[in-house]
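A.B. asks: First, the structure itself, so that you have it in front of you.
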Amino acid sequence: MPHQILIMLAAGIGIPILAALNAALGRVIGSPAVAAAVLFVVAFTVAAIVALITAPQAVGKLAAAPRHLFLAGVLIAFYVLSITWIAPTMGVGNAVFFVLLGQLISAAAIDHFGLFSAQAAPLTWTRSAGIALMAAGVFVTQKA
């Protein structure tokens, strides 16, 4: 499990970097939408290569997957487009603060109700306090 923690920590570190890089690209080329599209082309290429190397048989199973599961692509497009448009004016730190706050709320609801086949983990007072403390910590870092 320690390697999984490190991978997720690296993913978390990458989110503000992604936001800053893509926002800068949007400014340089004059279009946040084109910057987002380029990001998706690069991301698709990398993901396709990894998928073909690690699990080429999974591609054939896509047709049988429930259609609502593909909405994840809409959500990532919304995230990338919104952070690319908003970060240059709001600041990467402030934009990511609200992304983190949204993630805390969403993750707690998904875990509590076991949504999308996630392992259920009730939202206890202790977990609620921990989430509130995390949110307060992120808030304080933006005000300091």
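A.B. asks: Do the conditions hold for Phe113, that is, is it of a type in the set (Phe, Trp, Tyr) and modelled with pLDDT of 90 or more?
C.D. replies: yes
A.B. asks: Which pairs have Cβ atoms under 9 Å, sit 6 or more apart or on different chains, and link a residue in region 1-26 that is at pLDDT 90 or above to one that is of a type in the set (S, T, N, Q) and in a helix (DSSP H, G or I)?
C.D. replies: Ala19/Thr84; Asn22/Thr84; Ala23/Thr84; Leu25/Thr84; Gly26/Thr84
A.B. asks: Take region 13-29 and flag every residue that is over 19 Å from Gln142 (Cβ atoms) and within 11 Å of the chain's Cα centre (by Cα).
C.D. replies: Within region 13-29, Gly14 is the sole residue that qualifies.
A.B. asks: Tally time: how many residues in region 54-76 are closer than 30 Å to Val99 by Cβ, assigned to a helix (DSSP H, G or I) and among the hydrophobic types (A, V, I, L, M, F, W, C)?
C.D. replies: Number of matching residues: 9.
A.B. asks: How many of the residues making up region 111-131 are closer than 23 Å to His68 by Cα, in a helix (DSSP H, G or I) and out of contact with any Lys or Arg (no Cβ under 9 Å at 6 or more places or on another chain)?
C.D. replies: 4
A.B. asks: Can I ask one more? If Phe97 satisfies every condition in (1) in the same structural domain as Ile15 (by TED's automatic domain parsing); (2) closer than 17 Å to Gly12 by Cβ but one, which is the exception?
C.D. replies: (1)
The values are calculated or read from the model by the stated rules, or taken from the named source; none is laboratory data. What you see is a predicted model; the values in this text were computed from it and never measured. We place every Cβ from the backbone using ideal geometry, glycine too, and count neighbours over all the protein chains shown.
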